[in-house]
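Working notes, structure below.
Bear in mind these aren't lab numbers, they're just calculated from the coordinates by the rules spelled out. For clarity, every value in this text was computed on a predicted model and none was experimentally measured. No Cβ is skipped: glycine too gets one built from the backbone with ideal geometry, and neighbour counts run over all protein chains shown.
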């Protein structure tokens, strides 16, 4: 029997029972729609976390003081601080793959100024810091190489400090005291928001590294070095270069462990990504259950339909339909219903995703592959749940089917 | 020159095993029906009439005996082969018409063509239309069954039975649901088809209706009780003319 005839038979049966077809489709429509919305929300969360991690700065490579081992006992990360300005200088001189290098000398301090005082982190950095972190100023200007050399007491305030200390007037040009050392505010950072761990990135004061190092912190070493590679592809090479230079700088022999850690943002991101991935899977599996229920709905209505159409099946058999023809007819009906339902579900799912995105201001991301997978999946649902009713129909005895009232 | 036998039944028995008791529906039927015959099978219910019809219609296997349809030994065929035989050699006409609802007359007549495996048919619609024209429904090919009268529905069913050019038409109480005028019209149609060479076997329990056929076979207790040939069957067209004109 030609397949064109088969489709013709199934097609006629589908369009002749519009209401029944629509009700059968409904489960699949809702199922596929739910999967698409849920996955889009999950992917959106993932993308927004990715975005926050990228907000650290693109192509960021971080150098932390590393694990120090004493007689084989690891003292843990940061247990021995061995990053110095000499390291920074050596990196600046010798590296070829780094586009920006900035030490970070971090110290907690009470900042007094304007109408109040505020406990915050003071970061001593180089002039590269803003470009590495891709963090523009909202007003004022940044300090210069000259300020770094001469340990000028100037600072740049984050938005949180501006809100708390200078809620009403422009802080640029004002004076604040950090650990009782007077600093002149020369610029204000733009708002960056929370980072992936929920920390307020705007709760920060930037100052020349030398100023913080010599006038505030008093520590012999710096807490981390921020660098940026020319491109994402260059990151592994840049990391390798940093390792080579720093091992040489720290005079580490062949075979000995690094006393520092080089990380890129991908590694930092992986934990956060893992979390959202689990969330996406969770959402998708809940949505899949509704798809499964939709499939059972197909089976339910197909079974009723087989009973209802027993007479028709008998007539078709009397007119020469083989069992297989009946089987395929019902199977094609189920698959067409679920694929068409899947397509409608995609349209509704995408629409609902856009609505959810607009109403809640959540980031939602529609991944094209989800669409293909859901259509494929709904076709499989059709085959799986259509098979039993179709088999039942095709096994009918034509004599009994014809006699069925 | 002998006319070939369309149907040749030899010692056909049919036993239904219901577990506790065995029901002997047919107890040895021998029957030969030649091409071009118009046969009525009569009998009260429970005489094996329906069982015989199911076997003749290739819907059921006999328990024993041989059944040749157009020379094909049907009793040896499997389920799919039986389906193909039904499609190509038998046209069914039922008491309750059994048309597909919400489906036009033309599409109903198309159904046997869609299941036709013997030949590739490119002019299916034309064939369906031709068959409908032949039963006098050339104007109603796009009507749905619920828009047609009982007589018209039965005509669609006859067109459907004819469309694959079968060796015989099996009609099961075809006038059972129709009033007497429409019954006569349907019988006239069968007589007309029969005159054109179509073999017709009609199951009925109305002696009146049987009078329009050429040969009457009466069943009783699973056997053929008696057989009679009508040298001059009643002419349905003539009877129709005798009826008072239909009131409009």
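Can you find, within segment A:302-322, the residue that is farthest from the other protein chains (Cβ to nearest Cβ) among those that are under 22 Å from residue B:163 (Cβ atoms) and part of a helix (DSSP H, G or I)?
Among those residues, the one meeting the criterion is A:313.
The conditions are (1) more than 20 Å from residue A:30 (Cα to Cα); (2) not in a helix (DSSP H, G or I), and residue A:332 fails exactly one of them. Which is it?
Condition not satisfied by residue A:332: (2).
Any idea which residue in segment B:89-114 is surrounded by the most Cβ atoms within 10 Å (Cβ to Cβ), counting only those that are under 20 Å from residue A:3 (Cα atoms), facing chain A (nearest Cβ under 7 Å) and in contact (Cβ under 8 Å) with a residue 40 or more places away in the chain?
For segment B:89-114, the residue satisfying everything is B:112.
Take the residues in segment B:115-129 that are closer than 17 Å to residue A:322 by Cβ and more than 8 Å from chain A (Cβ to nearest Cβ); name whichever of them is farthest from the chain's Cα centre (by Cα).
This residue is B:119.
Can you pull out the helices (runs of 4 or more DSSP H) entirely within segment A:117-199 that have at least 3 residues that are in contact (Cβ under 8 Å) with a residue 60 or more places away in the chain?
Passing ranges, in order: A:129-133, A:145-149.
Quick one: in segment A:370-398, of everything that is touching a residue at least 60 places away in the same chain (Cβ under 8 Å) and within 11 Å of another protein chain (Cβ to nearest Cβ), which residue is farthest from residue A:24 (Cα to Cα)?
A:398
Spot the failing condition for residue B:165; the list is (1) without any contact (Cβ under 8 Å) to a residue 40 or more places away in the chain; (2) away from chain A (no Cβ under 14 Å), and only one is missed.
If we test residue B:165 against (1) without any contact (Cβ under 8 Å) to a residue 40 or more places away in the chain; (2) away from chain A (no Cβ under 14 Å), just (2) comes out false.
State which residue pairs qualify: first residue without any contact (Cβ under 8 Å) to a residue 24 or more places away in the chain and at the interface with chain B (Cβ under 9 Å from one of its Cβ atoms) and inside segment A:1-20, second residue surrounded by 14 or more Cβ atoms within 10 Å (Cβ to Cβ) and assigned to a helix (DSSP H, G or I) in any location, beta carbons under 6 Å apart, and separation of 6 or more residues or different chains.
A:5/B:114
When you look at residue A:344, is it in contact with a helix residue (DSSP H, G or I) (Cβ under 6 Å, 6 or more places away or on another chain), within 14 Å of chain B (Cβ to nearest Cβ) and surrounded by fewer than 19 Cβ atoms within 10 Å (Cβ to Cβ), yes or no?
Considered against the rule, which asks whether it is in contact with a helix residue (DSSP H, G or I) (Cβ under 6 Å, 6 or more places away or on another chain), within 14 Å of chain B (Cβ to nearest Cβ) and surrounded by fewer than 19 Cβ atoms within 10 Å (Cβ to Cβ), residue A:344 comes out as no.
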